[in-house]
Amino acid sequence: MNAIFTTPPRPFDVTALFPQLAPLARTATRLHPRPGSPTVQDSHVGGPLLWPAGEPWPYCDEPHDSRASQVTRSPDDVRVLRRDLAAATKRLRLDPGAPEVTPEERANWERLKEGRPWFDGPMPLLPVAQLYARDIPFPCPPDADLLQVLWCPFDHEMAHPKTALFWRSSATVTDILDAPPEPPIVQDGWYLPEPCLFSPEQVTDYPHPGELSKELRDQLDDESRWATIDPAQYNAYADDPGELYLNNLCTAPGWKTGGWTHWSPTDPVDRACPECGTEAVPLLTIASSEWDGGSATWIAEEDRPTPGPPPLGARNGNFTLISITGGNNLQLHVCPSSPYHPHIELLQ
């Protein structure tokens, strides 16, 4: 696992203002992915999987739209460009007068800017995340202690990557696949995760306003209730106190397991299991950022801004360098009756 990250306490105790929220509290686990060198024995993003050598690697056989990508590059092309960008960012942090681009970086850009020829065939899936139950709490079937998430690195009909879940008992994997296939091209590089280790931290989630009763929603919109708290915490939201709850008090942003579903821009929709009809529960949120301008109170204490340009990915906590459809989250839900039932993908 990675270093420890600590979410600051919420600006105030929202259940003191709205006691009806107290029984609705759920525990979520913020994952705080940060750059690292994960192994098959780690919980991580974008690293090697504990994949049995004798099990076929999964492919996407659906058609892929060549118009979906501005530039198609190989995974290695993306890694070269990211390496150069990270080197330039670090160089300018240490010396603002340093050259913005070195001759080697310029040569790499000229070589790779046109992208790769289109590939029309079955696409090997990319590893996205691996979670061990020993490290991170998540809904897990009784015969498994390991969750592996892979996806196709291209948009599909819902304008996001199509995911596949694999549940395993890690103790049964003794012969490990050491060189899985990679897709020859990826969509713009946004769906190639940068290897990161997790730093799990448990926090408390409350429901999105759209999942509350009308009575409680009306109370959240009642300015007189909010006026009893410190004006410094309220004034920025005086015209819409519900935004204070939405951005800073209910659902934690970023990569996480469990908790409540984050809804934006759509209102809550049905999450019935496709197989048995049971309401699916949040499994994993794959996030394009860990915070934004409206949710700065969620920035971990260890991530507070320092003078100078931020490291690559640090501006909004997007250390995985994933960007889903312009900065959204992909939330995976599973059936509590059986995680082996087909899972649900929500783009929010």
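The values are calculated or read from the model by the stated rules, or taken from the named source; none is laboratory data. It should be emphasised that the depicted structure is a prediction, and the values quoted were computed from it without experimental measurement. Cβ atoms come from the backbone with ideal geometry, glycine included; neighbour counts cover every protein chain shown. Ligands, DNA and RNA are excluded from the accessible area calculation, which covers all protein heavy atoms including side chains. Shrake-Rupley method; radii C 1.70, N 1.55, O 1.52, S 1.80 Å.
Observations
- Sole residue being outside any strand (DSSP E or B) and out of contact with any helix residue (DSSP H, G or I) (no Cβ under 8 Å at 6 or more places or on another chain), chosen from A171, A164: A171
- Taking the stretch 207-260 as the region of interest, the helices (runs of 4 or more DSSP H) fully inside it that hold 2 or more residues being acidic (D, E), more than 29 Å from the chain's Cα centre (by Cα) and modelled with pLDDT of 80 or more are 214-220.
- Residues that are in contact (Cβ under 8 Å) with a residue 24 or more places away in the chain, loosely packed, with under 15 Cβ neighbours inside 10 Å and either small (G, A, S) or not in a loop (DSSP other than H, G, I, E, B) (or both), drawn from the stretch 90-126: K90, W109
- With respect to the stated conditions, D178 is within 19 Å of P38 (Cβ to Cβ), surrounded by fewer than 16 Cβ atoms within 10 Å (Cβ to Cβ), touching a Pro at 6+ places or on another chain (Cβ under 9 Å) and not β-branched (V, I, T).
- Within the stretch 205-214, the set of residues being surrounded by 18 or more Cβ atoms within 10 Å (Cβ to Cβ) and of a type outside the set (D, E, K, R) comprises Y206, P207, H208, P209, L212.
- Residue within the stretch 290-305 that is in a loop (DSSP other than H, G, I, E, B), among the acidic types (D, E), modelled with pLDDT under 90 and over 24 Å from A88 (Cβ atoms) present: yes
- Residue that is loosely packed, with under 13 Cβ neighbours inside 10 Å, of a type outside the set (D, E, K, R) and over 19 Å from L212 (Cα atoms), where the choices are G277, G294: G277
- Residue within the stretch 25-35 that is polar (S, T, N, Q) and in a strand (DSSP E or B) present: yes
- Residue that is least open to solvent (accessible area, probe 1.4 Å) [pool: residues in the stretch 127-159 that are under 19 Å from H32 (Cβ atoms) and of a type in the set (G, A, S)]: A129
- Conditions (1) within 30 Å of D178 (Cβ to Cβ); (2) touching a residue at least 60 places away in the same chain (Cβ under 8 Å); (3) open to solvent by 30 Å² or more (accessible area, probe 1.4 Å); number of the one not met by P38: (3)
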